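> This is the structure, below, for whatever I ask next.
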Amino acid sequence: MIFNNVDFDTYFKHYPNAEGYFGKYGGAYISDELKQAMQEINEAYFTICKSTKFINELRSIRRDFQGRPTPITHLDRLSNALGNVQLYVKREDLNHTGAHKLNHCMGEVLLAKFMGKKKVIAETGAGQHGVALATAAAHFGLECDIYMGTVDIAKQAPNVARMKILGANVVEVTHGLATLKEAVDAAFDAYTREYKDAIYCIGSVLGPHPFPMMVRDFQSVVGFEARAQFKEMTGELPDAVVACVGGGSNSMGMFAGFLNDPVDLYGVEPLGRGTALGDHAASLTYGTEGIMHGFNSIMLKDENGDPAPVYSVASGLDYPSSGPEHAFLHDLGRVKYDVINDEETIDAFYTLSRMEGIIPAIESAHAVAYGMKLAKTMGRGSVLMCLSGRGDKDMDYVIEKFGMR
Ligand SMILES: *Cc1c(COP(=O)(O)O)cnc(C)c1O
């Protein structure tokens, strides 16, 4: 399929290019020393991802450890309540650890093992990436250092406990505001010192090349599984596919399976409390081109051109940019990006729980809210939504902040 001069039959061969660009977005804006380290990871990835040993090991991990393939569920009651459109969800909440993040963490840590590294390093904000990476590191017997701000450590006690139980070393970052930004800096510093023995594992389709490509490839299992399952269930493809976009990994994985199909793709960004800067994290919808954290993409900036403060009810979505491939697909028009606010999200959180017996992560509830809205405007057809994770982690917070409904 050719769309706006991009040939999607051969898309994965050409995007990104050898320097890690999706059109003008992506690249690697980092020190020469780190560039060399990224080059080493890139070369190892290209060699390893063609080896049958690596492919077979990843395949059996997916099946025997993660519990893949995850099912697709038809939302019968919700569809009937909304009209004639059939709604479906891809159940990443049933992936081991309860979300899609393990898909790329298992790939990254397996790569580290094949490269002979002893340790994996990452930062975490809410702790979801840290827990997924600690899980993967424990499975393969690698050391794991997770950098986390003092403020986040206090807020996210259950995830800190999980990481420690899994054997990870949680390194407290005390300087500055002691949240995610400082944790990113500290983790990068550590990696610069330790890159001979360690690899840095990025938690989404972000950062310098090759991470946006590698994380997409590891997450594409979601989209390719979903495409085959949906065809088997219904005999056709969905009319629309919907996923929430924070950094953009679950959505990119999901979209990867449908880019070359006549299927409408929707990326849902968090509108939070409203459209004022600081009240949302809808970077593709309201942002402009810029460079941050080692890559060129579309981002939300403050008056100095630095990453702007962002907010969302979903801590997994509050990041001031999204992966470079999303910026590319945004400009191309292949994916439509739109927004859902906190209130609509909480409504969808309760609706899916009550009508289908599935408590979604509040990140995923953004996709569900959008799918419900879309169903009302479509009249007929089918919508497949990515349920990126389960909502156990969010229950206390939702009840405290929004009340039991
Ligand atoms: C982290 C997270 C997200 C957001 O990350 P993406 O890279 O945009 O997928 C979405 N849903 C859940 C459940 C998460 O844990």
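Throughout, read-outs are computed from the coordinates displayed, never taken from laboratory work. Computed from a predicted structure; not experimentally measured. Please note: Cβ atoms are built from the backbone with ideal geometry, for glycine as well, and neighbour counts cover all protein chains shown.
> Provide 351, 47, 70 in ascending order of the number of other Cβ atoms located within 10 Å of each residue's Cβ, fewest first.
Starting with the residue having the fewest Cβ neighbours, the order is 47, 351, 70.
> Per-residue counts of other Cβ atoms within 10 Å, averaged by peptide: what ranking do you get for 314-321, 150-157, 59-66, highest first?
Packing proxy ranking, top to bottom: 314-321, 150-157, 59-66.
> Using the Cα centre as the reference, give the magnitude of the dipole from point charges on the C-beta atoms of the chain (Lys, Arg: +1; Asp, Glu: -1; all else neutral), rounded to the nearest 20 debye.
The dipole of the chain has a size of about 1100 debye.
> If the only charges are +1 at each Lys and Arg Cβ and -1 at each Asp and Glu Cβ, what is the size of the charge dipole of the range 343-405 around the Cα centre, to the nearest 20 debye?
320
> Hey, another quick one. Over all alpha-carbon pairs in the chain, figure out the percentage whose distance exceeds 38 Å.
Percent of Cα pairs beyond 38 Å in the chain: 13.
> I've got another one for you. In debye to the nearest 20, how big a dipole does the range 150-266 give about its Cα centre with +1 on each Lys and Arg Cβ and -1 on each Asp and Glu Cβ?
Roughly 320 debye, rounded to the nearest 20.
> Any number yet on Rg/Rh for the range 172-247, C-alpha, Kirkwood?
A ratio of 1.17.
> In addition: Once the dipole of the chain is set up with Lys and Arg at +1 and Asp and Glu at -1 on Cβ about the Cα centre, which of 184, 65, 120 lies farthest towards its positive end?
65
> Oh, and also: Return the sequence-ordered ³J(HN,Hα) values of the range 47-56 in whole Hz as given by the Karplus equation 6.51 cos²θ - 1.76 cosθ + 1.60 applied to θ = phi - 60°, using x for Gly and Pro.
Each residue's phi maps through the Karplus curve to give 6, 5, 6, 9, 7, 5, 5, 5, 4, 5 Hz.
> GNM, the chain, Cα, under 10 Å: largest mean-square fluctuation among 27, 294, 246?
For the chain, modelled as a Gaussian network with Cα springs under 10 Å, the answer is 294.
> Say we join alpha carbon atoms closer than 10 Å with springs in a Gaussian network model of the chain; which of 46, 255, 295 then has the biggest fluctuation?
46
> In the chain, if the dipole is taken from +1 on Lys/Arg beta carbons and -1 on Asp/Glu beta carbons about the Cα centre, which of 104, 198, 156 is farthest to the positive end?
104
> How far is it, in nm, from the label point at residue 336 to the one at residue 4 when both lie 7 Å from their Cα along the line to the Cβ?
Modelled inter-label distance: 1.4 nm.
> Nearest 5 percent is fine: what portion of the DSSP beta bridges confined to the chain is antiparallel?
35
> With a point put 7 Å past each Cα toward its Cβ, work out how far residue 343 is from residue 84 in nm, to one decimal.
Spacing of the two 7 Å Cα→Cβ label points: 3.1 nm.
> Also, quick follow-up: Counting helices only, and only those DSSP H runs with n ≥ 4, report the 222 nm mean residue ellipticity of the chain as the sum of -39,500 (n - 2.57) divided by its residues, in deg cm²/dmol to the nearest 500.
One gets -13500 deg cm²/dmol as the mean residue ellipticity at 222 nm.
> Say the cut-off is 23 Å between C-alpha atoms; which of 119/164; 336/376; 50/336; 35/196; 24/231; 101/393 go over it?
In this structure, 50/336; 24/231 exceed 23 Å between Cα atoms.
> Quick check for you: which residues of the range 176-207 have the amide N under 13 Å from the point 7 Å beyond the Cα of residue 118 toward its beta carbon?
Backbone N within reach: 194-199.
> Most exposed first by the Cβ proxy, i.e. fewest other Cβ within 10 Å, how do 334, 227, 380 rank?
Placing the least packed residue first, the sequence is 380, 334, 227.
> Along the charge dipole of the range 325-382, Cβ charges K/R +1 and D/E -1, which of 340, 367, 355 sits furthest on the positive end?
Selected residue: 355.
> Ok, one more. Could you give the Stokes-Einstein D for the range 182-316 in µm² per second, using the C-alpha Kirkwood radius, 37 °C, 0.692 mPa s?
196
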